[in-house]
1. For residues that are in a loop (DSSP other than H, G, I, E, B) and not acidic (Asp, Glu), scanning just the stretch 372-385, find the one that is surrounded by the most Cβ atoms within 10 Å (Cβ to Cβ).
2. Sort out which residues of the stretch 35-58 are in contact (Cβ under 8 Å) with a residue 12 or more places away in the chain and either open to solvent by less than 10 Å² (accessible area, probe 1.4 Å) or not in a helix (DSSP H, G or I) (or both), and write them in order of number.
3. Here are ALA32, ALA12: which of them is closer than 18 Å to LEU121 by Cα, assigned to a helix (DSSP H, G or I) and of a type outside the set (Asp, Glu)?
4. Of all residues in the stretch 119-141, how many are among the polar types (S, T, N, Q) and modelled with pLDDT of 85 or more?
5. Restricting attention to the stretch 351-367, and to residues there that are part of a loop (DSSP other than H, G, I, E, B) and open to solvent by less than 10 Å² (accessible area, probe 1.4 Å), which single residue is farthest from PHE333 (Cα to Cα)?
6. Of everything in the stretch 72-93 that's in a helix (DSSP H, G or I) and hydroxyl-bearing (Ser, Thr, Tyr), which residue is farthest from ALA32 (Cα to Cα)?
7. Can you name every residue in the stretch 15-29 that is in a helix (DSSP H, G or I) and surrounded by fewer than 16 Cβ atoms within 10 Å (Cβ to Cβ)?
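The values are calculated or read from the model by the stated rules, or taken from the named source; none is laboratory data. A quick note: this is a predicted structure, and the numbers were derived from the prediction, not measured. Counting neighbours? That spans all protein chains shown, and the Cβs are built from the backbone with ideal geometry, glycine included. The accessibility values were calculated without ligands, DNA or RNA, using every heavy atom of the protein model including side chains. Shrake-Rupley method; radii C 1.70, N 1.55, O 1.52, S 1.80 Å.
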Amino acid sequence: MGNRWSWLAATAGLALALFRLGRLLKPTVEGAPWQVALVAGAIMGAIITWAMRNRWSAATANLIALLVVTLRIVVPNTLVAGIIPTARTIDALSSELGLGIDIIRFGVAPVSPVAGLVIILTAVFWAIAALATWGIRNHHPVIALLPPLLFYLQLAVIDQAEAENLWTIAFLAAIAIALLAIARDRQIDSTLYMRSSRVTRSPLAYPALFMASSIVLALGGVHLVTDVIPRSGLVDWRTHAGPGSGVLVGVSINQFTSIRQELLKPTNTPVFSVKVDGDVDPSSLYWELITLEDFDGENWIARTRELKGPDADSWEDPELAFFGPTVPVAASFRIDALRQNFLPVLYSPVWLGSDLAIFKDSFTVRTDGAVSTSIRSFDGLTYQESALVPQPDVNVLASVGGTLTPIFQEAADQGAFDGHAVPTPAINRPSSLSDDLELPRMDSIIASRARELTADGSSPFEKALLLEAWFRDSGEFTYSIDIEPGHSATDLADWLFATDSPNYHTGYCEQFATAMAVMARTIGIPSRVVIGWGPGQIQSDGTVVVRDRNAHAWVELWMTNQGWVRFDPTPGGGGAGGTSVGLVGFDARQYIPPPPETTETTAPSGSATPNIDFNPDFNERDNVPIGSGGDVETTRTPFFTPTRIVLLSILFLLSMPLLIKYVRRRRRLARLKQGNISAAWDELIDRLNDLKRSPSPAFTPLEVADGVHRSMVPLAVGVTRARFGPADHLEGQAVADATRSFIETESYLKTIHPVGERLRAGLGLRSLFRR
């Protein structure tokens, strides 16, 4: 039977791969579980190979048996007597295997275990078991044990979901068993002796090399990559998937948005096209991808929601569905360059369908209406949607208790609003909306400014209009994607209120949507951010073409008696045209009612009411009553007490490194804008020193970059040219490449180092004494 340790190691490798597949495939809905087919295939491959002495006869017998099993599993209804193929067998088999291959190419785990995919995996397990059996029987343990471990590594790379350390421990345990098996085979049969004229290598030489390479692949290849790539899978908000063909060429949109300014330049690439049938203007439609409800202080991210399958009676949460007027619309989509596991839809779908077999049973709908799929969208994917598109009733939004709210009444009096008041029954706000008011601890100036801007609004809708108008005002904010490097992801208050902060009041839709949604929550209006695309371009045949440059983020606020209503705070050319001015017909700021006139009243001559003058310096702590025991002397505690002076001195000393580094960084970024690439390089080297990742002084810039991250390489090339070339300052594309490399490397360092570690580095002194 050969070495029992080899059999155990091969079985452990296959079992590990089988369990890892459980994270990539969904459970079987009907019939035997897919795991049964894979285990049966492995057993049959091992038995047939062991029984056949000749390798060619073993290979032939395995192929014939695998073909019979394939026909029985994939296309049993096309066989005569359960074994003889017919004319329909080839076409049916080709269709099922093609579906399985498409899921492998485009699928996003977990995928559906369709028959074609199951038989492909069965063939893989069959082949690995057969190869392991042949290797063990013929005393080639490396050939026997390497394939199952490599197959597991491939599955681990595909599996991008967060995994526990138990998987790494199990994989290393399988390697340990394999090493022991190889060593035992060496002792028994001298399989791995490597002799030269002078040296006989240890029997553990190859096993040790195998162990080292496997650990590097497991820890370095899997864990390092999953740490670098965010959970969304994409670094930038809108990302070009890269060179190549098929699924590798296209545009993806990250499933979060924030104040961070790292948007790629928009292109004119068509992302998808759609034909719309319904009583709506196609040029005004927004195309939704996903809704983001939770704000962590830096990013708006999607909340974990229930997923419903194609057979669900209804998809959207009825408590949060729009209950104002709607228009039924049918839309036929064709994907072009979009590479995403979420599909664009019109609001919340009530029906989805497609002629493609891969689409059926592959999609699920979140209770907010977002459609996710177990396939990554590809060029040529078509599907149809039926939806009820909201048409907010401005008369309802402008009314409270059957009368117009003050701003709308003023606009009506001046002829700017031709609507009318309508009865608005009191409706209790859904309890789940309390989650859409939550915010982390933030600078209080954000809330105070929001209250100040909306103080003249008497209803949530009026306050929302005033807040949106502030962002849309070209005199206050500027839409631009030409941003300076170094803008932090956590300085929303600085971006809004600090005039000396980078890119003050300048940004694109992400920043405006993030800011408005946060400020709306501070004044008690439930909010969420939606990412997708703004209105596309209408073609001569009525088709709407939506391009990469139409990617957009906007805000939805909860309005009583209507539901979620869209607001678009992005000003100027960046707005997609969905401003609420188009809905109400006027700028709310121009129709704020004047304050009521006040008249002075004089108290009657016999009145005992005293004449009290307003004293801005009044302090009620000075109004201490005098007790019966005599006068009470009140004294003010001086601000600069010895304790406070000591504490302020300590605080000042602790903040000195941060202040010095801030000034140093500003100067270096100014030099970088002038073409001095070495300034950016010095900033990154200082950052690495403070993070205790000091590169060796003997390293070249390229060696330093290779030891940090690939994003640092273009900057290393530029600084090498700047220092050893004819000029210290470079211009043009070299500076642009170095600047982009600097931004990406800083973002990478922020990703892998937690906030506490970065704070300690900021307070550290290492870089201040670097020569």
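1. Filtering the stretch 372-385 for residues that are in a loop (DSSP other than H, G, I, E, B) and not acidic (Asp, Glu), the one surrounded by the most Cβ atoms within 10 Å (Cβ to Cβ) comes out as SER377.
2. LEU38, GLY41, GLY45, THR49, ALA58, listed by residue number.
3. ALA12
4. 2
5. Of everything passing the filter in the stretch 351-367, SER362 is farthest from PHE333 (Cα to Cα).
6. Taking the candidates together, the pick is THR89.
7. PHE19
For every residue, the table says whether it meets (1) at pLDDT 70 or above; (2) of a type in the set (Lys, Arg); (3) loosely packed, with under 13 Cβ neighbours inside 10 Å.
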| position | (1), (2), (3) |
| --- | --- |
| GLY582 | yes, no, yes |
| SER607 | no, no, yes |
| ILE612 | no, no, yes |
| PHE640 | no, no, yes |
| VAL646 | no, no, yes |
| ALA680 | yes, no, no |
